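Just so it is clear, none of the values below were taken in a lab; they were calculated from the coordinates. Note that this is a predicted model, so its numbers are computed, not measured. Glycine gets a Cβ as well: all are built from the backbone with ideal geometry, and neighbour counts include every protein chain shown.
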Amino acid sequence: MKEKAKIMSDDEMERVLKRLALEILEKNKGMSNSLLVGIQRRGNYLANRLKQYMREMEQEKVITGVLDITLYRDDLSLLHDQPVVHSTGIPVDITGKNVILVDDVLYTGRTVRAALDALMDLGRPSSVQLCVLIDRGHRELPIHPDFVGKKIPTSKNEIVEVRVVELDGVDEVVICERGE
Amino acid sequence: MEWKHKNLIDLDCWEKEEILHLIDQAGNMEDLLNRPIKKVPALRGKLIVNLFFEPSTRTRVSFELAEKMLSADVVNWSASGSSTAKGETLRDTAWTLESMGADAIVVRHGAVGAASYLQRKLKHAAVFNAGDGAHAHPTQALLDIYTASKHYSSLEGLRIAIVGDIVHSRVARSNMIGFRTMGCDVVVSGPKTLMPPELDYYGVRYFKDPREAVKGANIVYLLRIQRERQEQGLFPSLDEYFKLFGADEELISLAEKDALIMHPGPINRRVEIDSLVADGPQSVILEQVRSGVAVRMALLYLCLGGAR
Amino acid sequence: MESILLTNCKVYDGKELLDGEKHILIEDGKIAKIAAEKPSVSENLKIYNLKGLIVCPGFIDIHAHLRDPGQEWREDILSGARAAARGGYTTIVAMPNTDPPVDNPFLVRYVIEKGRSSGGARVLPAGTVSKNREGCVMAEMGKMVEEGAVFFTDDGSPVKNSSLLQKALLYSSHLDVRIMEHPEDNELSKGGQVNYGWCSSISGLKGNPPSSEVVDIKKCVALAKETGGAIHFTHVSTKEGIEEIKRAKSEGLPITCDVTPHHLTLDETMVVKSGFDATYKVNPPLRNKEDVEALWQAIADGVVDAIATDHAPYHMDEKDLPFQEAAFGIASLECAIAAVLNEWSSRGKICPLERLLSLWTSNPAGLLPRQWSDLGVIKEGAPADLTVLDLDKNKQVKVEEWASKARLTPWEDASLKGWPVMTFLEGKVLFCDTDRRC
């Protein structure tokens, strides 16, 4: 895989996430009846980042959880090796809450579909909203984000990689070319 | 990690890392057991047959729950009232099931080698050994390792004393292999008539005095004593067995302070284990049962990955 | 009858490998001439140039299960005798544990007659020691000898009653027919599926201990000593068993024994390594490597009197089962000699070739009643029962090509070196797997 271009630096990522935090707060009128749920694994770190910025802005208690959607994927029978299952941990009952799903990249929409199924098995939220750092297009399902960090037109041959300090040692977003 | 196993016949071909990975996955599966909706669609559309030639409610129900929680389609095929009673061979039964589209067969059979035999006979379906004669019961060993791992951050160097009827026990054989693979110091005790003649292969030491075996153990694992062994003249009476080898509080007191008490169930109170021990604070016997479902979910999930 | 000339061959005559190349002329089913110079050739003579091959007395297998009468779905006398000929044997002894057992003169005759018309190896029957092979009452041994029985054995099991064995030894002492004992103590081996020790420990299968064999051998040796009767121990499988026999022989007791190709070439680890493939299930069970070693040493030391197949064919349906449920028995007639020759070379030719060859020829012939003693030698005037060996031939075992009805063998697909390539029975070619016709 060849790295083609950096499309977001750490400064830019911080700025975008702060804007997203503000938008979420605005739309939900605070976070008192809402929670952020990061999709394993990078959505999880982005959700924590949003939480941190929200608290800096509003000094409000923000609840976050993590959701692993592996067991809900629709491509398990196509993969040779089963992907690793990570933990799901949501500290409150989501029934009646506004759940803001947080993920790094929105692409075909299949991950979000799986996340919706997974969420519904955990309870009945009053609404589910979707926040993504990057929307790269090519949707295969009727799924639309509520909060978007940046829209990037891509070709299917490209891969958008969101890197976070916690896992990758650096905050950045890059586009890579899929190897032949 | 790249998962190379599509079947589970015995643990002798599993690496430590593979067991650790399965245990890690089982931990995440166990969380599902606490949810209001205990079901995920991971194995939707997979057909799993539980082929049980011996009555075994526990293992079968445990597998069945694991299969159902992963949304597999489950068929239970038991020996009584089926074609087996009419003289159909294991081979024909297996081929029939495969023709019906079974993706996996969980097999419990009284004959040693039944699971590996099935694996040789089947073209596509995966085989999971739920016990073949006195040979192996690998999912029991995995769930035991998983249970122990919940109490110890690493099993490396722990001492586990297995006491009872080793020679007739598939649980003991798989556990000796499994806990040794995890780096444990495994010791066994029991009457010599219930010991296999050769233990070097397993890297296991024998103590004729159970107190010597249990001394300093982190895990005391008791095996079920079947009444027929006494009828076969392998020891004079159940009462004498309990007196010499039964796990009472006195015996357990020789182990490490917080040693775990394990037993594959069902237990014979006052034969191999005293109620005060079985129901005592150190006993994790019921935890083992709960672990069984999670471990079997992880196993099915890892091995039944799509493209075969 | 057409005369045959075998030219340029090495000859093992039952005692030794003769110097130089020989030419053997066969007339009227007998060996007419063995000469260093090629005899003058008349017309109407079939000539085989056997340069580089060894001509031996026809090989004898004193222990084969032909399952006839009564279990013909496993094997019958026809298929068994033909399989034997293709495997390099010209004479085989049919075990009497059939259904019904060969415990009377009529069945002895039945086996001989059916063998005679088989177009395969010569079939000599063994009769049971006890009526119905039940180990209670002595069978009509004298009458069976008159009809041609060459051994008495309750094989499949030992003679169950020691007292009966004692009486049989005394009673048969004038009959010139040996009692062949299947050495096993049934109480000790009860339920045994594999060798006791490593294999039973790992598999969880019940072990059949070496003591089962040893205890019975000791008992029989004591009876032989007391009665003066001769006992032949068949399929001896353990180091301890062999030691017992060696001791008895050194005391000059009339004790002999044979070992099987599978106990010489396979061991208990194969049961485990194969994932409990029932092809390796046999009684006595495959023993450990030390036992295999001891059997070869016993051959080298001259303790062993014969190599006998214990060819025990079964139908697939009785054998292709989970290990614990499958029948005991290994079918080997059509590859046994090759398996042993192959093992002998890969073990660095632990004994001289002549010793090995004697265990298929002169030695087993010596265990048969006197009228058959010529079977083990090549000499002018003797019946032209011959086995031709090609020690360099490599061939893969393909059980589906067998004349035997067995369709499972542990050697399936094995590439073995050293094969019988021709057999002659009384001057007639029974089997020819070589293109040496001139």
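Electrostatic tally near B:HIS151: other residues with Cβ closer than 10 Å to its Cβ, Lys and Arg +1, Asp and Glu -1, net -1.
Sequence-distant contacts, meaning Cα pairs under 8 Å at least 6 residues apart, place the relative contact order of the range C:306-390 at 22 percent. Rounded, prolate or oblate: which fits the range A:67-109 when a ≥ b ≥ c are the square roots of the eigenvalues of the alpha-carbon gyration tensor, with rounded for a/c under 1.5 and prolate only if a/b beats b/c? Since a/c reaches 1.5 and a/b is larger than b/c, the shape of the range A:67-109 is classed as prolate.
Computed on the range C:58-376, with alpha-carbon pairs under 8 angstrom and 6+ residues apart, the relative contact order is 16 percent. Charged side chains reduced to their Cβ positions (Lys and Arg at +1, Asp and Glu at -1) give the protein assembly as shown a dipole of some 1320 debye around its Cα centre. Here C:LYS398 is the anchor, and the aspartates and glutamates within straight C-alpha reach of less than 15 Å, apart from those fewer than 8 places off in the same chain, are C:GLU334, C:GLU412, C:ASP413, C:ASP433. Restricting attention to chain B, close to 5% of DSSP beta bridges with both partner residues there are antiparallel.
Ordering B:CYS13, C:CYS438 from the fewest to the most neighbouring beta carbons within 10 Å gives C:CYS438, B:CYS13.
Considering only DSSP beta bridges where both residues belong to the protein assembly as shown, give the percentage that are antiparallel (nearest 5). Restricted to the protein assembly as shown, the bridges split so that about 30 percent are antiparallel. Running a GNM on chain B with Cα contacts under 10 Å, which residue among B:ASP103, B:ASP200, B:ASP274 ends up with the highest mean-square fluctuation? Result for chain B, Cα springs under 10 Å: B:ASP200 fluctuates most.
Distance from the Cα centroid of the range B:101-173 to that of the range C:332-402 is 46 Å (rounded to whole angstrom). List the lysines whose Cα lies under 22 Å from the Cα of A:LYS156, skipping any in the same chain that are fewer than 8 positions away. Partners within reach: A:LYS2, A:LYS4, A:LYS6. Kirkwood hydrodynamic radius of chain C from all distinct Cα pairs, in Å? Value: 21.7 Å, from the Cα pair sum. Let me make sure I get this right: for chain A, a, b and c are the square roots of the gyration tensor eigenvalues over alpha carbons, sorted descending. Under 1.5 in a/c it's rounded, otherwise prolate if a/b > b/c, else oblate. Which is it? Oblate shape, in that a/c is at least 1.5 and b/c is the bigger or equal ratio. In chain C, the calculated helix contribution to ellipticity at 222 nm averages -8000 deg cm²/dmol per residue, counting -39,500 (n - 2.57) for every DSSP H run with n ≥ 4.
Result for chain C in a Gaussian network model with C-alpha springs under 10 Å: among C:GLU243, C:GLU334, C:GLU43, the largest mean-square fluctuation is at C:GLU43.
Computed over the range C:152-229, the P(r) curve from all C-alpha pair distances, binned at 10 Å from the origin, holds 19, 43, 23, 12, 3 percent per bin. For the listed residue pairs C:LYS114/C:LYS393; C:LYS246/C:LYS349; C:LYS218/C:LYS405; C:LYS51/C:LYS379; B:LYS123/C:LYS206, the alpha carbons are over 26 angstrom apart in C:LYS114/C:LYS393; C:LYS218/C:LYS405; B:LYS123/C:LYS206. Annotation for the range B:187-259: chymotrypsin sites (Phe, Trp or Tyr not before Pro) lying in DSSP loop with at most 10 further Cβ atoms inside 10 Å of their Cβ do not exist.
D by Stokes-Einstein for the protein assembly as shown, Kirkwood Rh over Cα pairs, 4 °C, 1.567 mPa s: 40 µm²/s.
The range C:263-339: D in µm²/s via Stokes-Einstein (Kirkwood Rh, Cα pairs, 37 °C, 0.692 mPa s)? Here the translational diffusion coefficient equals 245 µm²/s.
Equivalent ellipsoid of chain B: semi-axes from √(5λ) of the C-alpha gyration tensor, largest first, are 32, 22, 17 Å. Between C:HIS23, C:HIS235, C:HIS174, the Gaussian network model of chain C with springs among Cα atoms under 10 angstrom shows the greatest mean-square fluctuation at C:HIS174. Dividing the Cα radius of gyration of the range B:148-242 by its Kirkwood radius returns 0.98 for Rg/Rh.
What the Cα atoms of the range C:281-438 give is an Rg and a Dmax of 16.9, 53 Å. Among rounded, prolate and oblate, which fits the range C:324-370 when a ≥ b ≥ c are the square roots of the eigenvalues of its C-alpha gyration tensor, a/c under 1.5 means rounded, and a/b larger than b/c means prolate? It comes out oblate by the Cα gyration axes.
Normalised by the number of residues in chain A, the average gap of Cα pairs under 8 Å and 6 or more apart makes the relative contact order 27 percent. Which of C:PHE151, C:ASN186, C:ILE202 sits farthest toward the positive end of the charge dipole of chain C, with +1 on the Cβ of Lys and Arg and -1 on the Cβ of Asp and Glu? Result: C:PHE151. Near A:LYS18, which lysines are there with a Cα under 18 Å away, not counting those fewer than 8 places off in the same chain? Those lysines meeting the cut-off are A:LYS27, A:LYS29, A:LYS51, A:LYS61, A:LYS150, A:LYS151. If you take all other residues with their beta carbon under 10 Å from the beta carbon of C:GLY418, and give Lys and Arg +1 and Asp and Glu -1, the sum is 0. Computed from Cα atoms alone, the Kirkwood hydrodynamic radius reported for the range C:92-233 is 15.8 Å. Averaged over the residues of B:38-45, the number of partner chain Cβ atoms lying within 10 Å of the residue Cβ comes to 5.
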